[in-house]
Amino acid sequence: MRVLVTGGAGYIGSHTTLALLQAGHEVLVVDDLSNASEESLRRVAALAGRTPAFIQANVRDEAALDAAFEGFTPDAVIHFAGWKAVGESTQIPLTYYRENLGSTFTLLEAMAKHDCHRIVFSSSATVYGEMSEPPFTEDAPTGATNPYGRTKHMIEQILADAVAADPGLAVGVLRYFNPIGAHSSGRIGEDPKGIPNNLLPFVAQVAAGRRDKLMVFGDDYPTPDGTGTRDYIHVVDLATGHLAALDKLADRSGYHVWNLGTGRPTSVLEIVGAFEKASGITVPYEIAPRRAGDVASSYAHPGKANAELGWSATHTIDEMCADTFRWQSANPNGYADA
Ligand code: UD1
């Protein structure tokens, strides 16, 4: 199948592009490289033995997107492109709304114009917020507590409205839990700009000596060791979840939501321990106050994706940490080393 992948040079996008190529699909990546490097696509091509087509453009660029659809004639779209930092989104909310909502409008309009009816959207478990207790099923109440989360929540609603108006449309909303890890080759991985916000990239940079120590945000949560628990999922498992969703949507129009998670919560201190085991390096840390906006615990009920997509996450926390460490050691400064 021919798949147009927005944001395909980014962390999750590059792993999914590789999985698509390895499964024999044709891929066109549309990415403005505002938070990604073209080097990721060169490495994807080397790993796959096949080169994905690439257009450097913002997905909001109607002319560029029109040309991409005209030339590539995709059967389906995976929409990763978007701004994703919670803290930043509270500082520049209008940018988040303009980029994340605007790109979705341009994309849906281009799909309608060019007779493309299948889309998989990168949503987030952030939409479950604090509205109910984990494990979260897809029908749990949703909302959001910051502009980034609200863009994800709004786009889900926009997609549902688009399906209501056009029952021929097939939409898969994938709610990611916490993607970590890297391809086992160590050639592609997460390459955050500046100081990482998320736990694993931060831990990896502490182990690499780029940061002094980890601040553990809170040890007084109602969890077994007092630190926050999350459902960490290997990025390669996440990538295969997209292929399963695309397949499912081939014979099923309508609006569908699937959680992509393992169903297992892991605490911050358990992650530190697993990373130390995988790397053989001690990770210094200090207990700090809770981070504003954090929940105690978030993990998936992955049963719907397991049953309907025939998909499940297979990698362990130890594998996730080993793969993160391999990527970080081989590329201490990410793609900038290339
Ligand atoms: C964060 C976002 C979420 C987004 C997701 C994926 C917030 C509040 N939430 O989720 O909306 O969808 O990333 O990008 O930013 N931790 C530390 N020290 C650190 C970093 C994190 O102790 O330096 C802890 C956190 O308190 C949390 C856990 O590690 O308990 C995971 O944090 P993180 O990787 O930032 O993910 P989320 O907060 O789950």
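Brief remarks follow.
- Selection status of Thr126, buried (at least 19 other Cβ atoms within 10 Å of the Cβ) and among the β-branched types (Val, Ile, Thr): yes
- Of the strands (runs of 3 or more DSSP E) lying entirely inside the stretch 220-338, those carrying at least 1 residues that are touching a Ser or Thr at 6+ places or on another chain (Cβ under 8 Å), in contact (Cβ under 8 Å) with a residue 60 or more places away in the chain and crowded, with 18+ Cβ neighbours inside 10 Å are 232-234, 254-260.
- For the stretch 214-227, the criterion of a residue being more than 14 Å from the ligand (Cβ to nearest atom) and either touching a helix residue (DSSP H, G or I) at 6+ places or on another chain (Cβ under 8 Å) or at pLDDT 95 or above (or both) is satisfied by no position.
- Residue that is without any contact (Cβ under 8 Å) to a residue 60 or more places away in the chain, in a helix (DSSP H, G or I) and over 19 Å from Ser124 (Cβ atoms), where the choices are Leu65, Leu47, Leu101: Leu65
- Look at the stretch 80-95: where a residue is aliphatic (A, V, I, L, M) and a partner is part of a helix (DSSP H, G or I), sitting 6+ places away or on another chain with Cβ atoms under 6 Å, you get Ala81/Ser103; Val86/Tyr148.
- Hits in the stretch 240-271 (condition: of a type in the set (A, V, I, L, M) and away from the ligand (no atom under 16 Å from the Cβ)): Leu243, Ala244, Ala245, Leu246, Leu249, Ala250
- Residue that is nearest to the ligand (Cβ to nearest atom), among those in the stretch 188-211 that are touching a residue at least 12 places away in the same chain (Cβ under 8 Å) and of a type in the set (Gly, Ala, Ser): Ala204
- Where Thr137 falls short, out of the listed (1) within 16 Å of the ligand (Cβ to nearest atom); (2) closer than 28 Å to Gly228 by Cα: (1)
- Selection over the stretch 68-87 of residues that are part of a helix (DSSP H, G or I) and either modelled with pLDDT of 95 or more or among the small types (Gly, Ala, Ser) (or both) gives a count of 6.
The values are calculated or read from the model by the stated rules, or taken from the named source; none is laboratory data. In this text, all values refer to a predicted model and were calculated from it rather than measured experimentally. Using ideal geometry, Cβ is built from the backbone for each residue, glycine included, and neighbour counts are taken over all protein chains shown.
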